[in-house]
Every structure is written in structure tokens, then in C-alpha cells.
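Heads up: the structure comes next, in C-alpha cells.
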Amino acid sequence: MDWSPLIVSIKTACLSIIVTFFLGLLAAWFVARSKSKFKGVIDSILMLPLILPPTVIGFFLLVFFGKNGPIGSFLFESLNVSVIFTWTATVIAATVVSFPLMYKTARGAFEQVDDSLIYSARILGAKEWRVFWKVVVPVAWPGICAGAVLAFARGLGEFGATLMIAGNIVGKTQTIPLAIYFAVEAGDMNKAYLWAGLIFSISLIGMILMNYWTQRQQKNQYGRGR
């Protein structure tokens, strides 16, 4: 049995959630505090990967990161690096499709933070980055974690964009969803059942742990507030 799809999927989901986590936090904080009249437009653009078909996202990524694309040509000419059909491409695809879940959930959590806490920290002399990491993030932490778990699960299950930009290279870019698709196409239903059951179990365990942890956090906050 070749377990490489599991390894590739876990590696991809882990690295993509790290990138998505920090990008999502920064974008959510920027939009949540923004007073710009273009705030709605920026929010719509950031949420696009959630509503676009994954194949369309994969197509745009292929255009941008291809050797003739704006980013791909720069990487190839400057660093002699090609992203298409590499493991890096699977990470990029997972990051892009999971980003809106992290961003939207974190933004909602940030908007629930009491402004008086932020103003108090500023009056006491805390710099903006310290206010963000020491006041805002801890208060919004349950919502942030929920977004991170959802983004991790979305990255783990990514299929369409990954197939478009990374292909299906066994041991390199073949993730569990791709292994399921090609196992069904080849008529190997036992293998498809195995991979489907495995990703189902991983996702279910992740959601149970998230719910358990969120409930504990809410109880702790309620206990401190009494």
C-alpha cells in the first residue's frame, strides 16, 4: 500500500494552514478596522475563492504561476524556479481555497472585541502590534481557532485547484482527494473506500476536537467573567 497521498495531504494542509493563518489574521484585522469606502470591494475580492469553482481558481493560478504568467515568469527568470506541477503548487492551491474561511471567521471574531479594551491598551502606552497580539488576538482566540480548523479541513480536502496547478503526480502532488478520484476512475473501489474513510475520519476527529476545545474556552471565559 502506497501511503504517499496521506503524507502529501498532511504536509500540504499543515504548511498551508500556517500561511493561511497569518495572512488571514492580518487581512481580517485590516478590513475589520478599515474605514475605507472600498471596504466592501476588498472584502468581496478576499472572499472570491469561497464562491468560485475550484477549477476556475486553479485556472487563474495556472495563469499567474505559469512560465508566461506575471509571477511564474519572474520566479523562473530570476530564480530559475518553476512552481507548476510541484508540491509547492499543492500548498498554493490549498492556501488560496482555504483563505476565505480563516479570513471571514477571524474578521467576525475581531469585530466582537470590545473597543474599550483596545483604547485602554493604547492609553497605557502599548504599541499597535502589542495591542493586536496581546489584547485583540487573545480575546478573539476561540473564533480564530475555529477559522483555523475550518481552513485546515478545507485545505486537506482540496481537489479541483490542486489538480489544475499541481497535477496528479504519485508521491509528489497526489493528495487523498486526488487518490480517491483516480481510484474510482480506475475501478479500484476498495482503495477509494479506504482513502474516503481515512479523510472522513481525520475531518471528523478534527471537528470534534475543535468543538471540545471551543466549549472549554467558552467555559473558561465565562468562569473568569463571573
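The values are calculated or read from the model by the stated rules, or taken from the named source; none is laboratory data. Quick caveat: nothing in here was measured; it's all calculated off a predicted structure. Neighbour counts run over all protein chains shown; Cβ positions are idealised from the backbone, glycine included. Heads up: the accessible areas ignore ligands, DNA and RNA and are worked out on the full protein's heavy atoms, side chains in. Shrake-Rupley method; radii C 1.70, N 1.55, O 1.52, S 1.80 Å.
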Long-range neighbours under 6 Å by Cβ, at least six apart or interchain, first residue under 16 Å from F110 (Cβ atoms) and touching a residue at least 60 places away in the same chain (Cβ under 8 Å) within the stretch 28-56, second of a type in the set (D, E) and exposed (fewer than 15 other Cβ atoms within 10 Å of the Cβ): A32/E111
Selected residue (only one of T95, T105, T90 is surrounded by 20 or more Cβ atoms within 10 Å (Cβ to Cβ), over 17 Å from A28 (Cβ atoms) and among the polar types (S, T, N, Q)): T90
Number of the exception - A27 against (1) part of a loop (DSSP other than H, G, I, E, B); (2) open to solvent by less than 80 Å² (accessible area, probe 1.4 Å): (1)
Single residue of G147, G125 found to be small (G, A, S), open to solvent by 30 Å² or more (accessible area, probe 1.4 Å) and either within 16 Å of the chain's Cα centre (by Cα) or modelled with pLDDT under 90 (or both): G125
Single residue of the stretch 152-175 satisfying the filter (under 19 Å from the mean Cα position of the chain (by Cα) and not in a helix (DSSP H, G or I)) that is surrounded by the fewest Cβ atoms within 10 Å (Cβ to Cβ): F159
Boolean, F76 is hydrophobic (A, V, I, L, M, F, W, C), surrounded by 18 or more Cβ atoms within 10 Å (Cβ to Cβ) and over 24 Å from V136 (Cβ atoms): yes
Flag for L52 being at pLDDT 90 or above, surrounded by fewer than 23 Cβ atoms within 10 Å (Cβ to Cβ) and of a type outside the set (K, R): yes
Unique match (being in contact with a Pro (Cβ under 6 Å, 6 or more places away or on another chain), of a type outside the set (V, I, T), at negative phi and in a helix (DSSP H, G or I)) among L15, L46, L61, L50: L50
Residue match in the stretch 195-206 (condition: in a loop (DSSP other than H, G, I, E, B), at pLDDT 90 or above and surrounded by fewer than 16 Cβ atoms within 10 Å (Cβ to Cβ)): no
Of residues in the stretch 93-122 being of a type in the set (A, V, I, L, M) and closer than 27 Å to S9 by Cβ, the one farthest from the chain's Cα centre (by Cα): A106
Complete set of residues in the stretch 93-144 that are over 28 Å from L50 (Cα atoms), touching a helix residue (DSSP H, G or I) at 6+ places or on another chain (Cβ under 9 Å) and not in a helix (DSSP H, G or I): D114, A126
Flag for V139 being among the hydrophobic types (A, V, I, L, M, F, W, C), farther than 24 Å from M1 by Cα and surrounded by 13 or more Cβ atoms within 10 Å (Cβ to Cβ): yes
